[in-house]
Structure formats: structure tokens, C-alpha cells
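Colleague: If you scroll down you'll find the structure; I have some questions about it.
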Amino acid sequence: MINYRKYISGITVLATGFFLAQSTVSTVLYSPNFDNQKTGLNLPSPSVAIEKAFLSPKELVDVSVNTMMADPVLKNATWGFVVYDPKTKKVISSYNENTPLVPASTTKLLTTETALNLLGENYRWMTQLEYSGEIDENGILNGNLYIVGSGDPSLGTNKAGAWSYKEIVSDFISGMSREGIKKVNGNIIIQTALFKGNISRLPENVVWLENNNYYIPVGTTREINPANEKLIVKKGNNSSLDKKYFYVSPYANTMVYAEKYEGDGILTTKLPDAPAFLANTFRASLVKSGVGVTGKVTPNMTDATSGRKMISVYKSPTLADIIYYTNQRSDNGLAEALLKTVGFQKLGDQTTESGRIVVNEHLKDVAFDVEGLNYMDGSGLSRSNKVTPISQVKYLTSLMNQKYYKTYFDSLPIAGQSGTLKSMFVTEGNGQIFAKTGTLNKVKALAGYIKTNSGRTLVFSLLVNNYAGSVSQVKSKMEKILQPALDL
């Protein structure tokens, strides 16, 4: 850190002379019409011009950080910042870089990279339609239909290019037609061993309410009929911001939570059992199209798989597509699903706890600085998550040599242009900062890469906890801290 007082005192002297000179000139050139003129010029203040003239880019970054220490928004906050050069492996500027802080959704940087590393960017989830038994000459299947799932978190959601339930059902029915099946004397059986814990609940210590929305780590669908969702509890005072909505799903016969109430008659609800909804929709569509089904939709994990024949298979978007969607939109459900998927692939158990074990082991394998790390969930909703700014930048630096780095880098929102960074750095820094955002109540985070004006690629982390003021105010302060780094 530079000697802040030394530079500020120098700037003060220069600024005084500059302002006196400006005052003299303006007196000589004054015109009565000048006060009525409006200018669209966005000129820097004299003090900014002087700073840029007499201080190096690094010193300007340090001055920016020092100035923010006394800012009312950050004065009593706990925050950390670091700009790191991946070529020299040296810190350029920092403040509290070794302090463990709540990272919010920048936690997804760890989750999505682990999935890319362990599964590969072309990984897909499969949902298969199979049948057992025989089809007679009249097209009657004397046997069962099976929907075999693999834990696809995008199933039926349209996320990342995923098909809707309607499109999947249509494809399944076309497959039935190709097989000549006109009637089913049997059940539609859901067989998804990966979904042992499919009725997902919130992870430990999760933040239940953030920005007036509830979160639960499973997929969503707009195709649930709100009329079928029974409102059983509604708590809160007269303020609509504090109301809590609890629903019982007719598809899984268990309580689920509404993410938000949009006020226009449409409820965006959480679906705890996507395969069950798919199977029920499939049965209803078969009957409607004239293909009778004598049995019912039922789960059965023990039926033998031998002797079955494939009718159709639905493939999810690639993992690269899923991760792009996850990081651009900061999708909590997909992030939690990725955590469970890596847990299943490595430990054979699709649970949050298995996922945590796998991610922590992976981070140790790639030499992540685990000092101060507490990885609790895949999305960053838990306030028990902790990470240091220095560990984030060193981790992001190490990924630059990975074969999937371009896919990972491309998934990050771009300042002023895309995703959750679209409204930040709209002027200075537009298109030059590529980073994951994070937002919880009184927590704001940003970590990723900077393309400087000189063509360098730098890595940074800026984590702010317990700030004062509004979200927009702290975002503005974060912009002011980072903007001088563009000239490095």
C-alpha cells in the first residue's frame, strides 16, 4: 500500500494552484450567457486529472482503496480486495486479502469449475423411455413403461436450451408410435435411483429470504397449474415484502416453497419431483391421444432392467451450456444440482453432503488455499460459506491453464453487457470485466478477470460484508474501487 498521506498532501497543493489558475481565467473570460449554457460534456474533475497526471496506475488503485476505507458505505463494513497479476504471480494491490468473508454467489465459481473438471464440458443427463413385456399384433403392450431419470436439473425447464415437458412428452409419444404401441396394459414406472433424495430441501444455514424471494435447490417449472397447488400457510404482517408462501405439491405429496409471487395470477413454484411431473403429464397426454393406459404412475426402484427395450431418450443440454446459464443468471437450483451430481459421480450418493466432500477434495487436489475456506453449499446462499479474496484470485489464476478455461471464462457475465453484470460498469469497464457476482442481504461480491486498457489480463476479488446503505450504493463504490485497475 502506498503512503496515502504523502500523495494526498501533494495533490492538495497542486489542486490549490490549479483551482486558483482556473478561477483567474474564468473571471477574464466570463460572459453573462455562460450561466445559461448547458453542456453534455462529461469532463473529469480537476482533482481526478491531477491524480492521473502525477500518480502511476498502481498508485491510483491504492488511493482508491484508501479513500473507500473512510467512505460512509464501507467505513464499518468488513471487506477485502485484491488485484493479482497471473503472469508474475504477484499481488498488485490489496486490502484485507487474507480475511475470510461471505462470498455469496461467487461460491458458484468453485461449484461450476469442479463440475467441469470432474464431468467434462460435454457431459449430459439422460432421461430414457423404456418398456418391458411384449407388444401383440393389435399394438397392445402387455408390460410396463419406464421413465428412467439421471438427475437432470434442467428437465422440462427450458433453461440453457432444455426442452419443455411438452416437447419431451411429444417425443416420447412419437417413439411409442414408431414401436406400434396403441395401448398399455401396465403401469408407467418412474425409476430414478439418483433421485433417492429428490424431494430436495434447503441446505443447512441457507438464507431463506433474499431480495424478497425464497430459494430451494431444485428445478423450477411454470407448467404447474397454480389451481392444483394448495396454499396451506400464509404468514406475515401487512407488508407484502414479509409474507411467506408455503404450498403442498399434488405431484409429490409434500410441502414445497414458492420462490416468488408475481401478483398477476402466475405462481412460479418449485417442483420437488421433476420425473413424477413428467410421468403424470406423459400419461395424461397418452390417454388424450387415444393410447389407453390401464395402470397408474408409480415409483419403483427395484424392477429388473434386463429384457427392456428402449423407446426414446432425451438428452439434456451439455454441461457447458448448463454452466453458462448458471453463471450468467446466478441460478441457485442448477448450482445445487451440479453439487449433487459431482457427489453422485464420485461417491455414488446424490446428496449435498457428498457434493461438499467431493468439491473440498477437488479444491485440495488443485492446491486451493483452504485457509479460511468454508464451503457449505453449491449456490452461495448459505451465510456459513467463507472464502478469502487471495484464495479466490489464486484459484482463478490456476484455471487459466486448464483445457476448459475458455468454456469457464465465457460463462462469466460481462460488465455492461450480459448476465448479472449488465447494469454495472456501463461506461468505464464496459466489456473489460468478466466476473461472477454475488448478492445477499448486506453482502455484495465480485470476482473474476479484468482486461486492462494496456491489454493485460488481471485477476481480482472484491468481497464486501455488512455494508451501510443500499445495494446500488455499494455497487457504485465497488465500481470506483475497480475502475483505476483498468489502467494497469
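Colleague: In debye, nearest 20, what is the charge dipole magnitude of the range 99-147 about its Cα centre with +1 on Lys and Arg Cβ and -1 on Asp and Glu Cβ, if you could check?
Modeller: Values: 2 positive and 6 negative charges, 104 e Å.
Here the size comes out at about 500 debye.
Colleague: How much FRET efficiency would the formula 1/(1 + (r/R0)^6) give for LYS90 and TYR123, where r is the Cβ-Cβ distance and R0 is 35 Å, rounded to 0.05? The partial results should precede the final answer.
Modeller: Working: r = 36 Å, r/R0 = 1.02.
Result of the calculation: an efficiency of 0.45.
Colleague: Can you tell me how much longer the chain between TYR404 and SER56 gets when fully stretched, taken as 0.36 nm per residue apart minus their C-alpha distance, in nm with one decimal?
Modeller: Numbers: separation 348, 0.36 × 348 = 125.28 nm, distance 3.53 nm.
Using 0.36 nm per residue and subtracting the Cα-Cα distance, I get 121.8 nm.
Colleague: To continue, here is another question. Want the number for GLU371 to THR78: 0.36 nm per residue separation, take away the alpha-carbon distance, what's left? Intermediate results must be reported in sequence, preceding the final value.
Modeller: On the way: separation 293, 0.36 × 293 = 105.48 nm, distance 1.78 nm.
In short, 103.7 nm is gained.
Colleague: Got a number for carbon plus sulfur as a percent of the range 386-488's accessible area, 1.4 Å probe?
Modeller: Details: 1720 of 3580 Å².
With neighbouring chains kept in place, the figure for the range 386-488 is 48 percent.
Colleague: I've got another one for you. In this model, which of LYS422/LYS444; LYS58/LYS436; LYS394/LYS475; LYS403/LYS477 are farther than 27 Å apart at the alpha-carbon?
Modeller: Details: LYS422/LYS444 16 Å; LYS58/LYS436 24 Å; LYS394/LYS475 24 Å; LYS403/LYS477 35 Å.
As for pairs spanning more than 27 Å Cα to Cα, those are LYS403/LYS477.
Colleague: Return one whole number: the accessible area per residue of the range 284-442 in Å², for a 1.4 Å probe.
Modeller: Each residue of the range 284-442 exposes 42 Å² on average to a 1.4 Å probe.
Colleague: Determine by what factor the alpha-carbon radius of gyration of the range 109-167 differs from 2.2 N^0.38 Å, reporting the quotient.
Modeller: On the way: Rg = 17.0 Å, N = 59, 2.2 N^0.38 = 10.4 Å.
So the Cα radius of gyration is 1.64 times the expected 2.2 N^0.38 Å.
Colleague: Hey, another quick one. On the accessible surface of the range 79-159, probed at 1.4 Å, how many percent belong to carbon and sulfur atoms?
Modeller: On the way: 1170 of 2760 Å².
Of all accessible area on the range 79-159, carbon and sulfur atoms account for 43 percent.
Colleague: Let me ask something additional. Run the simple label-point estimate for VAL287 and ASN158 please: 7 Å along Cα→C-beta, distance reported in nm.
Modeller: With each label placed 7 Å out from Cα toward Cβ, I get 2.7 nm.
Colleague: Mind pulling up the Rg/Rh value for the range 59-170? Radius of gyration and Kirkwood radius, both on Cα. Present the calculation step by step, with values, prior to reporting the outcome.
Modeller: Working: Rg = 26.5 Å, Rh = 20.1 Å.
My calculation of the ratio gives 1.32.
Colleague: Under a crude label model (7 Å from the Cα following the beta-carbon direction), how far is LYS309 from VAL426 in nanometres?
Modeller: Each label point is offset 7 Å from its Cα along the Cβ direction, giving 6.1 nm.
Colleague: Rounded to whole Å, give me the distance from the Cα center of the range 433-488 to that of the range 120-188.
Modeller: 46
Colleague: Turning to a different aspect of this structure: How much of ILE357 can a 1.4 Å solvent probe reach, expressed as accessible area in Å² and rounded to 10?
Modeller: Rounded to the nearest 10, that gives 80 Å².
Colleague: Measuring from the lowest to the highest alpha carbon on each principal axis, how far does the range 352-488 reach, largest first, in angstroms?
Modeller: Here the spans come out as 43, 37, 24 Å, largest first.
Colleague: Further, regarding this structure: Please tell me which of these pairs span more than 21 angstrom C-alpha to C-alpha: LYS309/LYS340; LYS346/LYS386; LYS87/LYS451; LYS340/LYS406? It would help to have the intermediate numbers written out before the result.
Modeller: Values: LYS309/LYS340 29 Å; LYS346/LYS386 24 Å; LYS87/LYS451 13 Å; LYS340/LYS406 24 Å.
Pairs exceeding 21 Å: LYS309/LYS340; LYS346/LYS386; LYS340/LYS406.
Colleague: Round to the nearest 0.05 the FRET efficiency obtained for THR294 and ARG329 when R0 = 41 Å and r is the Cβ-Cβ distance.
Modeller: Numbers: r = 43 Å, r/R0 = 1.04.
For THR294 and ARG329, the calculated efficiency is 0.45.
The values are calculated or read from the model by the stated rules, or taken from the named source; none is laboratory data. A quick note: this is a predicted structure, and the numbers were derived from the prediction, not measured. Glycine also receives a Cβ, built like all others from the backbone with ideal geometry; neighbour counts cover every protein chain displayed. Quick note on the areas: whole protein, heavy atoms, side chains included, nothing else; ligands and nucleic acids left out. Shrake-Rupley method; radii C 1.70, N 1.55, O 1.52, S 1.80 Å.
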